[in-house]
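*Asks:* Sharing a structure, written as C-alpha cells. Questions coming.
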Amino acid sequence: MKGPIKGVLKEELGNSLRMKRQYESVLKKLPKGSLALRKIGGHDYYYLVQRYGKKVKYVYRGKVARKEIERYAEAKKLRAKYRNLLSQVKKQIKFLKGTLRGKEAI
C-alpha cells in the first residue's frame with residue numbers, strides 16, 4: 001500500500017487516537033458512581049454506589065438535594081455516551097493499525 005491512501009489512513013489513525021484521549025479525559029472528569037434511591041419507612045434515602053475492583057460499595061448519603069441528584073443523573077447519561085464512543089473509536093484504531101500493517105484488504 002503506497003501513496004495517498006496510506007497517508008489518509010495515517011491521518012485518520014492520528015485523529016482517532018486524539019479522540020480516544022479526549023473521551024478518556026471527559027470520563028475521568030465525571031463524578032464516580034451513581035445515586036441509588038432506597039425507600040425506608042416511607043422516606044427517601046440515597047446511597048452513592050461505587051465499584052472498587054470487583055466489589056460494589058454503597059455509601060449512605062441520606063437526603064440529597066435535587067441539584068445533586070440531577071448532576072449524577074446527567075453524569076450517568078454522559079458516561080454511557082462516552083463509553084460507547086470510546087468503544088467505537090477503539091475498534092476503529094484497531095482496524096486502522098491492522099490496515100496500515102498490511103493485514104487488512106482495502
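What follows draws every value from the coordinates through simple rules; no lab data is involved. Being a predicted model, the structure only gives us computed values, none of them experimental. Here Cβ is always computed from backbone atoms with ideal geometry, including for glycine, and neighbour counts include all displayed protein chains.
*Asks:* Report the residues of the stretch 26-40 in range of a label on GLN88: point 7 Å along Cα→C-beta, backbone N strictly under 15 Å from it.
*Replies:* In the stretch 26-40, the label zone of GLN88 (backbone N under 15 Å from the point 7 Å along Cα→Cβ) covers no residue.
*Asks:* Ok, one more. Which entry in [x] 13, 30, 23, 16, 12, 6, 1, 0; [y] 14, 41, 29, 13, 4, 1; [z] 14, 40, 25, 11, 7, 3, 0 is this structure's computed P(r) over Cα pairs in 10 Å bins from 0, in percent?
*Replies:* Derived directly from the coordinates: [x].
*Asks:* I've got another one for you. Summing +1 for each Lys or Arg and -1 for each Asp or Glu, what net charge is found among the other residues whose Cβ lies under 12 Å from the Cβ of ALA73?
*Replies:* Cβ neighbours under 12 Å give a net charge of +3.
*Asks:* With a sphere of radius 14 Å drawn around the Cβ of LYS63, what net charge do the other residues whose Cβ falls strictly inside it have (Lys, Arg +1; Asp, Glu -1)? Numbers along the way, then the final one.
*Replies:* Details: positive: ARG38, LYS39, ARG61, ARG66, LYS67; negative: ASP44, GLU68.
That works out to +3.
*Asks:* So what's the back-of-envelope 222 nm ellipticity for the chain, counting only DSSP H runs of four-plus at -39500 (n - 2.57) apiece and dividing by all residues, rounded to 500?
*Replies:* -21000 deg cm²/dmol
*Asks:* Moving on. If each residue of separation counts as 0.36 nm, what is the full-extension length gain between MET19 and ARG101 once their alpha-carbon separation is subtracted?
*Replies:* Details: separation 82, 0.36 × 82 = 29.52 nm, distance 2.13 nm.
Fully extending the segment from MET19 to ARG101 adds 27.4 nm.
*Asks:* In a shell of Cβ-Cβ distance under 15 Å around HIS43, excluding HIS43 itself, what net charge do Lys and Arg (+1) and Asp and Glu (-1) give?
*Replies:* +3
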